[in-house]
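Notes follow the structure.
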Amino acid sequence: QTELLDLSTVDVILISNYHCMMALPYITEYTGFTGTVYATEPTVQIGRLLMEELVNSIERVPKAQSASMWKNKEVQRLLPAPLKDAVEVSMWRKCYTMPEVNAALSKIQLVGYSQKIELFGAVQVTPLSSGYALGSSNWIIQSHYEKVSYVSGSSLLTTHPQPMDQASLKNSDVLILTGLTQIPTANPDGMVGEFCSNLAMTVRNGGNVLVPCYPSGVIYDLLECLYQYIDSAGLSNVPFYFISPVANSSLEFSQIFAEWLCHNKQTKVYLPEPPFPHAELIQTNKLKHYPSIHGDFSNDFKQPCVVFTGHPSLRFGDVVHFMELWGKSSLNTVIFTEPDFSYLDALAPYQPLAMKCVYCPIDTRLNFIQVSKLLKEVQPLHVVCPEQYTQPPPTQSHRTDLMIDCQPPAMSYRRAEVLTLPYKRRYEKIEIMPDLADSLVPLEIKPGISLATVSAVLHTKDNKHVLQLPPKPPQPPASKKRKRVSDDVPECKSLKPLLSGSIPMDQFVQTLEKHGFSDVKVEDTAKGHIVLLQEAETLIQLEEDSTHIICDNDEPLRVKLRDLVLKFLQKF
């Protein structure tokens, strides 16, 4: 929805994980965006690999001609199923190039977990571990007195990344929650078990297994599970092939980002041992990796085997070759583990297919049970989330457990909606200079409460406020000629005392009568009282924060009444 938002006016982009940054080159290179982008180092490095794989796969199959007529709404209506229902096709773009990827990534500033970043002196942002992927982050945006947490793509399960930091999310005024699991009914552990057993069964029957996947993320966990499973399942002679332009970098990166891994993987680094067992699979030649199906791979290729390759959408990349190679035999199996695409839509162009299709979506992100546990623990004042999370899924309208249930009810939003968050900035922090602080004389007005009056100059720069001593008036020169005091320095007048307290009406009326005022009437008003002195034709208005004495040109009377009112107030 770029018409709604002029991206050149955006100051800061916070990236939660490497899956969220695939469109970054379109923003940094085409919209006039001049702001800053913040992300952790693994997010940038693995994001680079994903983009590189995408560009490489698309550039490998150049199109002889480009067509755009089909984007016309009238023509689009006539196209076959998934295309005719596609949303906003007029916004679809050609894939970016590698120079654009490099230019976009060069604009990112690297940050570490719990690092506090000042934005224009107005707010501070801090990334926290979200437990979902290497370097994935939740973000805290806070001023001195308010705190907003943005929770996106988080996991409470024990996988390879550093565990989720929940404690730092406490005391949030608003918690914005998005990126929950796409398959709330599937249990990731159960899915991994099903993945391994289907893989073993196919290979034992002499078939090949194809796993369409991204070059980073769940693949590390799958290789780890297979490492533990291979010998017991009698698969030690079956070759595993990982084919991607970035396969080598991905496997190496996972071993060097030690501080971003979970605790038991970190401890292995100091032994020293590789944190992931795929290092051993590579050493023993059980796992081999290749940049593409051409070259070395075609010489080493042995069947039956297991192939991990992209793209999970089955629309480009080496996976297309294997779908056509193995699709005609019922001995072979394709196992879908990525939850991002409907596997039925992915398979549609390849039908009719003889090969078996197994759907084992592994999505470690928060499900609704984990969300309600998280919200009970961190207790934000308000929760804001997409509208879809506040009602059961359309296909399972009876499942009221598959929605966010919290008190007060979550505020929901739709795509491209402008939200007003339910809190206001009420206070600012002001620093006081030491010499000014020295000159203050606090007076105790109640046990434990002291007050001091302050006269100062407020200096504000970059949203930081400082109280400084007021300038001293210049001393008049010693000559006999009188000179005017210069106009630009404000004169420091002597201060009137501040008044506090409230006036007890009965005692006040008695005091007035003692001082010779008869016929005193008191009327209650919405804000306080009015005292009428009918003989003297005078009116005293008493309100919570002000007192007015209204009399007709009788200054001595006004002063007398003022002194009687002051008797009841504390001077400060």
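Every number in this text was worked out from the coordinates using simple rules, so none of it is lab data. Quantities reported herein were computed from a predicted structural model and do not represent experimental measurements. Glycine also receives a Cβ, built like all others from the backbone with ideal geometry; neighbour counts cover every protein chain displayed.
Only helical DSSP H runs with n ≥ 4 go in: add -39500 (n - 2.57) per run for the chain, normalise by residue count and round the 222 nm mean residue ellipticity to 500 deg cm²/dmol.
-7500 deg cm²/dmol
Going by alpha carbons, how many degrees (0 to 90, nearest 10) lie between the helix axis of 555-567 and the longest principal axis of the chain?
Roughly 60 degrees between the two axes.
About the Cα centre, and with charges only on the beta carbon of Lys, Arg (+1) and Asp, Glu (-1), how big is the dipole of region 188-359? Nearest 20 debye, please.
About 420 debye.
Given H placed 1.01 Å from N in the peptide plane, which residues other than close sequence neighbours of residue 413 have an amide H under 5 Å from its amide H?
Amide H neighbours of residue 413: 385, 387.
Which translational diffusion coefficient, to the nearest whole µm²/s, is obtained for region 4-73 from the Stokes-Einstein equation, given a Kirkwood hydrodynamic radius over C-alpha pairs, 25 °C and 0.890 mPa s?
Answer from the Stokes-Einstein relation: 171 µm²/s.
I'd like the Karplus ³J(HN,Hα) series for region 418-435: coefficients 6.51, -1.76, 1.60, θ = phi - 60°, whole numbers in Hz, and an x wherever there's a Gly or Pro.
Values, residue by residue: 9, 10, 9, 6, x, 7, 10, 7, 9, 10, 10, 8, 10, 8, 10, 5, x, 5 Hz.
Which of 225, 72, 131 sits farthest toward the positive end of the charge dipole of the chain, with +1 on the Cβ of Lys and Arg and -1 on the Cβ of Asp and Glu?
It is 72.
With a/c under 1.5 counting as rounded, go ahead and sort region 407-459 into rounded, prolate or oblate using the C-alpha gyration tensor (a ≥ b ≥ c being the square roots of the eigenvalues; past the cut-off, prolate if a/b is larger than b/c, else oblate).
Here region 407-459 falls in the oblate category.
So for region 188-359, taking the charge dipole from beta-carbon charges (+1 Lys/Arg, -1 Asp/Glu), which of 321, 263, 193 sits furthest toward the positive end?
321
Order of 369-379, 394-404 by packing, highest average Cβ count within 10 Å first?
Averaged packing, sorted descending, gives the order 369-379, 394-404.
Could you grab the Rg to Rh ratio for region 237-297? Cα atoms only, Kirkwood for Rh. Could the numbers behind the result be given before it?
Numbers: Rg = 13.1 Å, Rh = 12.6 Å.
Taking Rg over the Kirkwood Rh, I get 1.04.
Compute, for the chain, the length of the dipole vector about the Cα centre, with Cβ point charges of +1 (Lys, Arg) and -1 (Asp, Glu) only. Units Debye, rounded to 20. Don't jump to the answer; show the numbers that get you there.
Details: 51 positive and 61 negative charges, 159 e Å.
Around 760 debye, computed over the chain.
Rounding to the nearest 10 and keeping the result within 0 to 90°, find how far the Cα-based axis of helix 188-204 lies from the longest principal axis of the chain.
10
Counting alpha carbon pairs within less than 8 Å and at least 6 residues apart, what relative contact order, in whole percent, applies to region 188-359?
34
Roughly how large, in nm² to one decimal, is the mean projection of the convex hull of the alpha-carbon atoms in region 499-571? Intermediate values should be presented prior to the final figure.
Values: hull surface 18.5 nm².
Over all viewing directions, region 499-571 projects a mean Cα-hull area of 4.6 nm².
Sticking to Cα atoms, compute the Rg of region 270-357 to one decimal and its Dmax as the biggest Cα-Cα distance, whole number, in Å.
15.5, 52
Please list, in order along region 52-62, the HN-Hα scalar couplings obtained from phi with the Karplus expression 6.51 cos²θ - 1.76 cosθ + 1.60 (θ = phi - 60°), rounded to whole Hz, x for Gly and Pro.
Calculated HN-Hα couplings, in order: 4, 5, 4, 4, 4, 5, 6, 6, 5, 10, x Hz.
Among the trypsin sites (Lys or Arg not before Pro) in region 98-202, which ones are in a DSSP loop with at most 15 other Cβ atoms within 10 Å of the Cβ? Mind listing them?
Qualifying residues, ordered by number: 116, 170.
Using the Karplus equation 6.51 cos²θ - 1.76 cosθ + 1.60 (θ = phi - 60°), what ³J(HN,Hα) coupling, rounded to whole Hz, does each residue of region 541-549 give in order, writing x for Gly and Pro?
Ordered by residue, 3J(HN,Hα) equals 9, 10, 10, 4, 10, 7, 9, 10, 10 Hz.
Could you pull out every one of the lysines with an alpha carbon less than 30 Å from that of residue 328, ignoring same-chain neighbours closer than 8 positions?
Within the straight-line cut-off, residue 328 pairs with 63, 84, 286, 288, 302, 356.
Roughly what % of Cα-Cα distances in the chain sit above 43 Å, to the whole percent?
Counting every Cα pair in the chain, those more than 43 Å apart make up 43 percent.
Relative contact order, percent, of the chain when contacts are C-alpha pairs under 8 Å separated by at least 6 residues?
Once normalised by length, the contact order is 11 percent.
Sequence gap at least 6, Cα distance under 8 Å: using those rules, report the relative contact order of region 499-571 to the nearest whole percent.
30
Scan region 1-108 for chymotrypsin sites (Phe, Trp or Tyr not before Pro) in coil per DSSP, keeping those whose Cβ has at most 11 other Cβ atoms within 10 Å, and list them by number. Spell out each step's value before the answer.
Working: sites: 18, 26, 30, 33, 38, 70, 92, 96; in loops: 33, 92, 96.
Hits after loop and neighbour filter: 92.
Please report the antiparallel percentage of DSSP beta bridges with both residues in the chain, rounded to the nearest 5.
Given both bridge residues lie in the chain, the antiparallel proportion sits at roughly 50 percent.
Rounded to whole Å and sorted largest first, what semi-axes of the equivalent ellipsoid does the C-alpha gyration tensor of region 188-359 yield via the square root of 5 times each eigenvalue?
27, 17, 16
Just going by the charge dipole of the chain, with Lys and Arg at +1 and Asp and Glu at -1 on Cβ, which of 238, 205, 91 is farthest out on the positive end?
91
Over 23 Å between C-alpha atoms is what I'm after, so list which of 170/424; 116/170; 376/429; 424/464; 496/567 land there.
Values: 170/424 19 Å; 116/170 17 Å; 376/429 30 Å; 424/464 19 Å; 496/567 16 Å.
Pairs exceeding the cut-off: 376/429.
First check a/c for region 85-204, with a ≥ b ≥ c the square roots of the eigenvalues of its C-alpha gyration tensor; if it is under 1.5, answer rounded, and if not, answer prolate when a/b is larger than b/c or oblate otherwise.
oblate
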